[in-house]
There are 2 protein chains.
Amino acid sequence: MMLKKSPDAALPAMAFAVSRLDRMANARSDDAWIAALRAETRARCVLFDGDKAALSAAGGLALAASVPGDALFLGIDDDGQAWFAAQGPHEGAKSDLRSLAVSGALPAAQLGLLAQARSLLHWHERHRYCAHCGAATHAKDAGYKRVCPSCRAEHFPRTDPVVIIAVRRSNSLLLGRQASWPAGMYSTLAGFMEPGETIEDAARREVKEESGIEVGAIGIAANQPWPFPSSLMIGLIGEALTERITIDTKEIEDARWFSFADIEAMRRGVHGDGFKIPPAMAIAHRLILRALQES
Amino acid sequence: MMLKKSPDAALPAMAFAVSRLDRMANARSDDAWIAALRAETRARCVLFDGDKAALSAAGGLALAASVPGDALFLGIDDDGQAWFAAQGPHEGAKSDLRSLAVSGALPAAQLGLLAQARSLLHWHERHRYCAHCGAATHAKDAGYKRVCPSCRAEHFPRTDPVVIIAVRRSNSLLLGRQASWPAGMYSTLAGFMEPGETIEDAARREVKEESGIEVGAIGIAANQPWPFPSSLMIGLIGEALTERITIDTKEIEDARWFSFADIEAMRRGVHGDGFKIPPAMAIAHRLILRALQES
């Protein structure tokens with residue numbers, strides 16, 4: 001096994017995968033400490049209006065004038081500044097994280113902290129009640145827990161593992177598309193993991209369900225936080241054992257084998273039929289390039 | 001990258017990692033089809049009494065006489081038999097899954113389906129209410145979803161990714177222990193992933209928090225479903241950049257560097273101080289052996 005020092009510099013950067021904050025996980029349950037950080041004049045607070053991050057007129061992050069009392073703690077940066085996140089209306093410019101990631105307008109570490117913020121804020125928004133007894137819960141530990149005053153249950157933010165896989169057969173790759181995607185876009189097959197599955201079994205199951213293809217040899221190649229709202233994308237490369245595709249139309253609209261030449265044209269945006277692959281910021285893009293490089 | 005055909009045969013088998021059922025994920029939302037499977041005389045239903053699996057007098061699985069109407073669907077085995085899982089009192093023998101895994105009494109594929117069953121049953125037990133609005137929810141899709149009749153929210157079973165890592169420095173490994181563990185047991189450090197983290201960042205963060213050690217080069221080495229109640233263990237091997245340990249006593253009782261000779265004695269159960277490592281069924285055992293083999 002090859003251990004890696006740092007992300008592959010030879011491949012385009014994936015969005016949301018760079019985080020520079022020290023989350024101070026063992027200190028953030030100290031309410032007095034968090035309150036003191038909030039009150040510091042150099043504390044920073046990013047704002048979300050729904051699922052959109054607030055931006056300045058110049059296109060950078062728009063920060064709150066002060067840190068609201070219910071802001072979630074993100075961590076402390078290299079300069080010792082504390083970062084928080086809060087939800088609220090914002091009159092100025094704003095953008096969803098996918099568009100921000102594609103545009104490349106923000107530094108990688110800022111996209112990373114926005115991903116952390118968005119997943120956490122969304123979790124609180126959707127989990128105000130106790131799933132165990134139905135009572136209203138309240139946030140604790142600067143936003144990393146919700147506690148039920150009635151049954152005492154503790155609830156923690158979700159991180160949902162998703163398998164996403166580039167399946168190879170001689171000089172072609174299996175890619176599919178959902179009806180809701182931009183015209184011509186094809187990507188690697190993906191799906192949520194289920195209870196009691198290994199990563200490899202989940203990937204084989206998803207490919208079989210969606211395309212009918214059986215996958216043999218397989219390996220994990222990359223991973224990416226994906227804040228829509230709280231997935232962890234676990235990327236694999238696998239070798240197909242079969243060739244004939246049977247599409248499950250409940251999940252995807254189409255799936256087909258693309259030759260490496262086709263894919264190179266899709267990557268460069270010059271495919272004759274207008275087909276394309278996902279942008280460089282997505283793990284699918286990286287998996288496709290790696291599957292080609294390593295074949 | 002090396003793609004793998006099948007799990008490492010040279011290493012002891014990890015529990016819960018073998019699943020032979022076809023989960024039929026795209027068919028199980030068909031209530032009539034599930035009802036017909038339930039009514040089949042050859043349908044099988046495993047039983048849990050709390051967190052303990054029901055066993056026969058001979059130590060095998062005790063199956064229900066018939067499949068209850070609220071049983072969860074697990075999948076279809078190679079012989080075409082449908083498997084279900086239900087919760088209820090059981091007068092006979094029973095055992096928690098950890099003990100069953102350590103004993104090796106059941107075939108690997110049966111442990112796998114018990115893991116799937118236990119995670120799903122536990123999720124339903126703890127998620128009877130809508131986290132979004134507090135109303136009582138009901139199960140759908142043979143147990144793979146809960147739906148809120150009030151706000152229409154859909155809820156899916158949790159799978160919580162946990163990073164667990166063997167940290168190496170020249171010829172020693174960093175292992176720690178929690179106060180609640182059996183005397184003398186030391187294992188690899190571990191912790192839940194958080195929103196917006198990569199797997200590698202989460203592993204480095206946990207090691208830093210618990211032991212003060214900085215980790216440099218790192219790689220994913222194995223994974224294991226861990227049904228206590230619904231974790232996915234993602235195992236890594238990493239190289240330490242520092243040596244001096246600072247223990248976070250809120251999380252662990254002790255952490256220290258063990259020489260490879262120490263660890264070999266711990267594995268064989270002959271360490272002079274009575275120290276030991278986790279049993280072969282656990283991913284920690286595998287990570288420790290792999291870290292030694294590959295150094």
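Hey, what D do you get for the range A:1-76 in µm²/s if you plug the Kirkwood alpha-carbon radius into Stokes-Einstein at 37 °C and 0.692 mPa s?
214 µm²/s
Compute the separation of the alpha-carbon centres of the range B:1-60 and the range A:131-155 and state it in Å as a whole number.
So the separation of the two Cα centres works out to 32 Å.
Report relative contact order for the range A:188-295 in percent, whole number only (criteria: Cα-Cα under 8 Å, sequence separation at least 6).
Relative contact order, the range A:188-295: 22 percent.
Which distances in nm, rounded to one decimal and ordered from shortest, link the label point of B:Val270 to the equivalent label points in the other identical copies, with labels set 7 Å from Cα toward Cβ?
B:Val270 label point versus its equivalents elsewhere: 6.7 nm.
In peptide B:133-145, how many Cβ atoms from other protein chains are near each Cβ within 10 Å, on average?
2
Per-residue counts of other Cβ atoms within 10 Å, averaged by peptide: what ranking do you get for A:70-83, B:179-192, highest first?
Averaged packing, sorted descending, gives the order A:70-83, B:179-192.
Which distances, shortest first and in nm, link B:Phe192 to the matching position in the other copies, using label points set 7 Å out along Cα to C-beta?
Result, one decimal in nm: 1.7.
Relative to the longest principal axis of chain A, what angle (0 to 90°, nearest 10) does the C-alpha long axis of helix A:108-126 take?
Roughly 70 degrees, rounded to the nearest 10.
Within the P(r) computed for the range A:1-137, what percentage of the Cα pairs occupies the region above 28 Å?
Every Cα pair in the range A:1-137 considered, those over 28 Å come to 24 percent.
With the cut-off at 28 Å, report for the range A:137-295 the share of all Cα pairs above it, as a whole percent.
26 percent
Describe numerically, in nm with one decimal, the distance between label points set 7 Å from Cα along Cα→Cβ at A:Ile245 and at B:Leu11.
3.5 nm
Name the lysines eligible as straight-distance cross-link partners of A:Lys5: C-alpha to C-alpha under 30 Å, and not fewer than 8 places from it in the same chain.
B:Lys4, B:Lys5, B:Lys208, B:Lys250
Tell me, what HN-Hα J-couplings in whole Hz come from the Karplus equation 6.51 cos²θ - 1.76 cosθ + 1.60 at θ = phi - 60° for each residue of the range B:153-161, using x for Gly and Pro?
5, 10, 10, 10, x, 7, 10, 9, x
Looking only at other chains, what is the average number of their beta-carbon atoms within 10 angstrom of each beta-carbon in A:212-224? Can you show the working numbers first?
On the way: counts 0, 0, 0, 1, 4, 5, 4, 5, 10, 3, 4, 9, 2.
Average per residue, whole number: 4.
Ignoring everything except DSSP H segments at least 4 long, calculate the 222 nm mean residue ellipticity for the protein assembly as shown; use -39,500 (n - 2.57) per segment, divide by total residues, nearest 500.
-7000 deg cm²/dmol
Measuring nothing but label to label, 7 Å from Cα along Cα→Cβ, what are A:Phe228's distances to the other copies in nm, shortest first?
Reported distances to equivalent positions: 3.6 nm.
Which FRET efficiency value, to the nearest 0.05, is calculated for A:Ser56 and A:His138 with the Förster distance at 56 angstrom and r the Cβ-Cβ distance?
After rounding to 0.05, the efficiency reads 0.95.
Quick one: pull the percent of accessible area on the protein assembly as shown belonging to carbon and sulfur, 1.4 Å probe, ligands and nucleic acids left out.
51 percent
Find how much the distance from A:Ala93 to A:Arg256 grows on full extension, using 0.36 nm per residue of separation minus their present alpha carbon separation; answer in nm with one decimal.
54.7 nm
Which Cys residues of the protein assembly as shown have no other Cys Cβ less than 4.7 Å away and so no disulfide-compatible partner by this rule?
Taking the Cβ cut-off of 4.7 Å, the unpaired cysteines of the protein assembly as shown are A:Cys45, B:Cys45.
Just need the relative contact order of chain A here, percent rounded to a whole number, with Cα pairs under 8 Å and 6+ apart.
Once normalised by length, the contact order is 17 percent.
Can you give the mean number of other chain Cβ atoms that lie within 10 Å of the Cβ atoms in peptide A:159-165? Kindly include the intermediate steps, with their values, before the conclusion.
Details: counts 13, 6, 8, 1, 0, 0, 0.
That average works out to 4.
Sort the range A:69-148 into rounded, prolate or oblate with this rule: let a ≥ b ≥ c be the square roots of the eigenvalues of the Cα gyration tensor; rounded if a/c is under 1.5, and if a/c is not under 1.5, prolate when a/b is larger than b/c, oblate otherwise.
Judged from the Cα gyration tensor, the range A:69-148 comes out prolate (a/c at least 1.5, a/b above b/c).
When the C-alpha atoms of chain B are aligned to their principal axes, what extent does each axis show, in angstrom, from largest down?
Rounded to whole Å, the extents work out to 61, 47, 39 Å.
Just the C-alpha atoms of the protein assembly as shown: what Rg/Rh do they give, with Rh taken as the Kirkwood radius?
Working: Rg = 24.2 Å, Rh = 25.4 Å.
Result for the protein assembly as shown is an Rg/Rh of 0.95.
The values are calculated or read from the model by the stated rules, or taken from the named source; none is laboratory data. Note that the structure is predicted; figures quoted are calculated from it, not measured. For neighbour counting, all protein chains shown are included, and Cβ atoms are generated from backbone atoms with ideal geometry for every residue, glycine included. In case anyone asks, the SASA skips ligands and DNA or RNA and just uses the protein heavy atoms, side chains included. Shrake-Rupley method; radii C 1.70, N 1.55, O 1.52, S 1.80 Å.
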